[in-house]
Amino acid sequence: MNNRTISTTAPEPGGLAAVRGRFGELDWRRYVIYIGFVVVFAFFAVLLRDQGFLSPNNLLNIFRQTATITVIAVGMTYVIACAEIDLSVGSTAGLSSVCTAMALSQWGIVPGILAGLAVGLVVGSLNGALVSLLGIPSFLVTLGMLGIAVGVAQWITASAPQPILNDTFNTIFGSGNIGPVPGLLVWSAIFVAIGAVVLSRTKFGRQVLATGGNRTAADFTGINTKRIKFQVLLISGVVASVAGMLYAGRLESGRFQWGAGDELSAIAAVILGGTSLFGGAGSVVGTLFGALLIGLINNGLILAGLDSSQQQVVRGAIIILAVALARKK
Amino acid sequence: MNTSETAVEMRSISKGFNGVSVLNDVDFEVRTGEVHALAGGNGAGKSTLMKILQGVYQTDSGTILVGGKPVQISSIQDAKAAGIGMVFQEFSLVPSLTVAQNIFLGVEPQGRSGLINDKEAVRRAREVFAEMEIEVDPRAHVSALGTAYWQLTEIAKALAQNAKVLIMDEPTASLARHETDALFDLVERLKRRGISIIYISHRMDEVYRIADRITILRDGRRLLTESLSDVTPEQIVEGIVGKKIEGQLSYQQRGGDAASASPILEARGLTSGKRVRDVSFTLRSGEILGLAGLMGSGRTELARVLFGIDPLDSGEILIRGKKALISNPRRAIAAGLALIPEDRRDQGLVLDHSVRDNLLLPLLDKIARGPLLDGGAGKKLSSSLIQKFAVKVAHPNKPVRLLSGGNQQKVVLAKWLGTEPDVLILDEPTAGVDIGTKSEILDMIRELADAGKAVIVISSEYPELLAVSDRVLVLRDGSITRDLERSEIADEESLQLAVQGV
């Protein structure tokens, strides 16, 4: 080892380059979601100050309305960071709301919750097994599952809403408050906190990112990438089923339509939050802000008096703009 | 030779990135019908110079002359129009298309209707191959062909677009010996037809074999341009590395008697598919075992079987005398094995992840505190690995993609040695690595064996194999044909004969 005394840092000629190298890590593109959030917030705060945008009630409303998307998007972050996709989350939420409502009216609150979770476990395991064991692309598996789940939900209820009269359930899942804090905000906070810590600070999280970043290398490193793929889809399914129960609690009923289209909002939130659509990089906190930004835009556009067709156009344009700004060069 | 005309001339080229100078007033000239080797350590500026010639980067100052006339090369299209073609190291072909479709990609011959005329493409592709005097079916799908044919298709693609200068970057890296020979024959024929070749290679023997002149870059400056008949290998190595290195590429007798040490790994009748057939050998602690063989002889496949990537059809693996069921890499790692894979970019690293994350990936259990990972411990562990293996990184948080080939390989090595394996399998550990890093890696291998680890080295570079191996197994068609003690191998020549089976 005669020539093993090389320093660990490459010499950087010129002080300027060294400074640039250090600040290069503070790349504003990585923080575009936070910048965008602040800009949109400030914009609405000024523009809509007379419409009550800044009133505490309206702000809490934004949280309430985005809670289910936030929860779903936390699970989706894992799936996308692992270079997969889950299109079945919205209809899984719908099926879960229906099963919870039906089991609850028959047997009570605990079986109701278990029925909802069982939906997530079954759908998630099926998605995971088909993707990891049979190697079918998750796009196709979950696209099929999207149809199956919503079809089952509609079928077993004969398209009828299933009212939930259990106040305890409705209070816990959605309608209740803890002091001044809406229960839904607490739910999102719990999911985001756990999701963020697990993704960035645990072995499992690292293995998800490595599998998404380069599956072959992850395999060669001794990571069971099949199991990881299974697990992320299972997580996504279970998390979506909890979101379904949050719908059920807030709207005091189970309906097959609950959650319809949420997969797209969740994917948008995840991508806005800086998770790579090609896997390998992901941020749960970014996802939270992605979901909040979407909620913010929805709320602001409603207050501004745009009708729903105009809202869709503006929302779509803002999402494309944000992703375009955040993309890597 | 001085009278022969110039194909390409680059005059006082300078280029910097973010204020850091990468090329400084470099002159580079290639004559018509010449094979001109371009050498230099990692970071010397070879690839930047070539990217300027290809139109990927624009030069900050200096001029480029093609056929004596100044040209403005500001895009890849400009470079192609000027007759400069590139044979990519990572091939730029579309595997799902045919050879002819790839050759004429973007410049497809069209019929009068404006639709693509595939027949015409096939006919013209045949012409190109006929001129190259090689046989390739233009209608074959590229995905169905071997690596050597991919390269020939690349060359045909450049020639079909009337390239007068071909840039070849490590063209033999993935070729077997006879394929290399065929490529060199082709290079000779191209030379005779007045085509110039810029040849980038780390393999000294190849440079001497086919190049007429050599230009060496060091730290972004031109060190020398010489006819190869006027320069010795020692001078070239010295020019690249910047100091004289001796002995790294010659065998060093190491202390200790490997033959009496206890066996760590025993393979008994290993068979897997068609590439590994009834392979048996014993590996002792402190021993470096070389695996020699042509491409497709089953070297890599044997490594994959040992590491649990490919399934074992029959036979058994014993670790320290006990039968080990190695059905996947996790079990292999648990049994004390580590594999430095052949393709570091695809199999060894998550390129977009940081150096630190890559280093820690197999070591996550070591830095776990309860269910969470200890960030501080991770930083400490990765820094100690970076220091120990002298990886040159600007910052451990930077993506590993930004490192040079040699440093990427060091990251892979460090990552695996962090697991403290008993048996280390290295598949082509120095491919695409500059000569300075190469000797560091060879030293590292010797040091590991001295520390009692058992090492298996797979390499198509015989000098390297002979430099480190205590014993060499020769593989052919998946079976061991020779088991040679180092003392039985006189020189590179005799090992090559053993591999060729003569």
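The values are calculated or read from the model by the stated rules, or taken from the named source; none is laboratory data. Only a predicted model underlies this, so the values are computations on that prediction, with no experimental measurement involved. Counting neighbours? That spans all protein chains shown, and the Cβs are built from the backbone with ideal geometry, glycine included.
Odds and ends about this structure:
- Which numbered condition B:Thr271 misses (of (1) among the hydroxyl-bearing types (Ser, Thr, Tyr); (2) in contact with a Pro (Cβ under 9 Å, 6 or more places away or on another chain); (3) not in a loop (DSSP other than H, G, I, E, B)): (2)
- Exclusive hit being within 18 Å of B:Glu287 (Cα to Cα) and in contact with an Asp or Glu (Cβ under 8 Å, 6 or more places away or on another chain), set B:Ala449, B:Ala390, B:Ala394: B:Ala449
- Residues of the range B:114-126 satisfying the condition of being under 31 Å from the mean Cα position of the chain (by Cα) and surrounded by fewer than 20 Cβ atoms within 10 Å (Cβ to Cβ): B:Arg126
- Residues of the range B:366-403 that are within 7 Å of chain A (Cβ to nearest Cβ), without any contact (Cβ under 8 Å) to a residue 12 or more places away in the chain and either touching a His at 6+ places or on another chain (Cβ under 6 Å) or not hydrophobic (A, V, I, L, M, F, W, C) (or both): B:Pro371, B:Gln387.
- Of all residues making up the range A:240-264, the number that are within 24 Å of A:Ile319 (Cα to Cα) and assigned to a helix (DSSP H, G or I): 5
- Restricting attention to the range B:405-450 and to residues that are within 12 Å of chain A (Cβ to nearest Cβ) and part of a loop (DSSP other than H, G, I, E, B), the residue that is surrounded by the fewest Cβ atoms within 10 Å (Cβ to Cβ) turns out to be B:Thr419.
- Given (1) surrounded by fewer than 22 Cβ atoms within 10 Å (Cβ to Cβ); (2) small (Gly, Ala, Ser); (3) within 14 Å of chain B (Cβ to nearest Cβ); (4) in a helix (DSSP H, G or I), number of the condition A:Ser276 does not satisfy: (4)
- For the range B:342-351, taking the residues that are at the interface with chain A (Cβ under 7 Å from one of its Cβ atoms) and over 25 Å from A:Val198 (Cβ atoms), the one that is surrounded by the fewest Cβ atoms within 10 Å (Cβ to Cβ) is identified as B:Asp346.
- Helices (runs of 4 or more DSSP H) fully within the range A:173-234 counting 1 or more residues that are more than 14 Å from chain B (Cβ to nearest Cβ): A:183-201
- Scanning the range B:161-174 for residues that are of a type outside the set (S, T, N, Q) and either buried (at least 19 other Cβ atoms within 10 Å of the Cβ) or on the phi > 0 side of the Ramachandran plot (or both) returns B:Ala163, B:Lys164, B:Val165, B:Leu166, B:Ile167, B:Met168, B:Asp169, B:Glu170, B:Pro171.
- For the residues B:Val107, B:Val71, the requirement of being more than 27 Å from the chain's Cα centre (by Cα) and at pLDDT 85 or above singles out B:Val71.
- Among the criteria (1) more than 14 Å from every other protein chain (Cβ to nearest Cβ); (2) in a loop (DSSP other than H, G, I, E, B), the one B:Gln496 does not fulfil is (2).
- Exactly one residue among A:Ala248, A:Ala218, A:Ala243, A:Ala269 is surrounded by 23 or more Cβ atoms within 10 Å (Cβ to Cβ) and free of Cβ contacts under 8 Å to residues at least 12 places away in the same chain, and that residue is A:Ala218.
- Taking first residues from the range A:156-173 that are under 13 Å from A:Met245 (Cβ atoms) and partners that are among the acidic types (Asp, Glu), the Cβ contacts under 6 Å between residues at least 6 apart in sequence or on separate chains come to A:Ile164/A:Glu252; A:Asn170/A:Glu252.
- When we screen A:Ala83, A:Ala101 for residues that are part of a loop (DSSP other than H, G, I, E, B), touching a helix residue (DSSP H, G or I) at 6+ places or on another chain (Cβ under 6 Å) and touching a residue at least 40 places away in the same chain (Cβ under 8 Å), the only hit is A:Ala83.
- Among the numbered conditions (1) within 25 Å of A:Ala260 (Cβ to Cβ); (2) within 14 Å of chain B (Cβ to nearest Cβ), the only one that A:Ile148 does not meet is (2).
- Just one of the listed residues (B:Lys157, B:Lys164) is among the basic types (Lys, Arg) and farther than 15 Å from B:Phe88 by Cβ, namely B:Lys164.
- Residue selection: A:Thr68 satisfies the criterion of being crowded, with 18+ Cβ neighbours inside 10 Å, of a type in the set (Ser, Thr, Tyr), in a helix (DSSP H, G or I) and touching an Asp or Glu at 6+ places or on another chain (Cβ under 8 Å).
- A:Met102 meets all of the listed conditions (1) farther than 28 Å from A:Asn214 by Cβ; (2) within 20 Å of the chain's Cα centre (by Cα); (3) of a type outside the set (D, E, K, R) but one, namely (2).
- Within the range B:222-236, residues that are closer than 19 Å to B:Arg31 by Cα sit with their Cβ atoms under 7 Å from residues that are basic (Lys, Arg), at 6+ positions apart or across chains, in these pairs: B:Thr225/B:Arg213; B:Glu226/B:Arg213; B:Ser227/B:Arg213; B:Leu228/B:Arg213.
- Filter pass, A:Val270 being among the β-branched types (Val, Ile, Thr), out of contact with any Ser or Thr (no Cβ under 6 Å at 6 or more places or on another chain) and assigned to a helix (DSSP H, G or I): no
- Qualifying residue in the range B:79-93 (condition: modelled with pLDDT under 90, over 30 Å from B:Leu145 (Cβ atoms) and assigned to a loop (DSSP other than H, G, I, E, B)): no
- Across the range B:310-336, the number of residues qualifying as out of contact with any strand residue (DSSP E or B) (no Cβ under 8 Å at 6 or more places or on another chain), within 11 Å of chain A (Cβ to nearest Cβ) and without any contact (Cβ under 8 Å) to a residue 40 or more places away in the chain comes to 3.
- The listed residue being buried (at least 24 other Cβ atoms within 10 Å of the Cβ) and touching a residue at least 40 places away in the same chain (Cβ under 8 Å), out of B:Leu363, B:Leu339: B:Leu339
- Filter result for B:Ser354 (within 12 Å of another protein chain (Cβ to nearest Cβ), surrounded by fewer than 15 Cβ atoms within 10 Å (Cβ to Cβ) and in contact (Cβ under 8 Å) with a residue 12 or more places away in the chain): no
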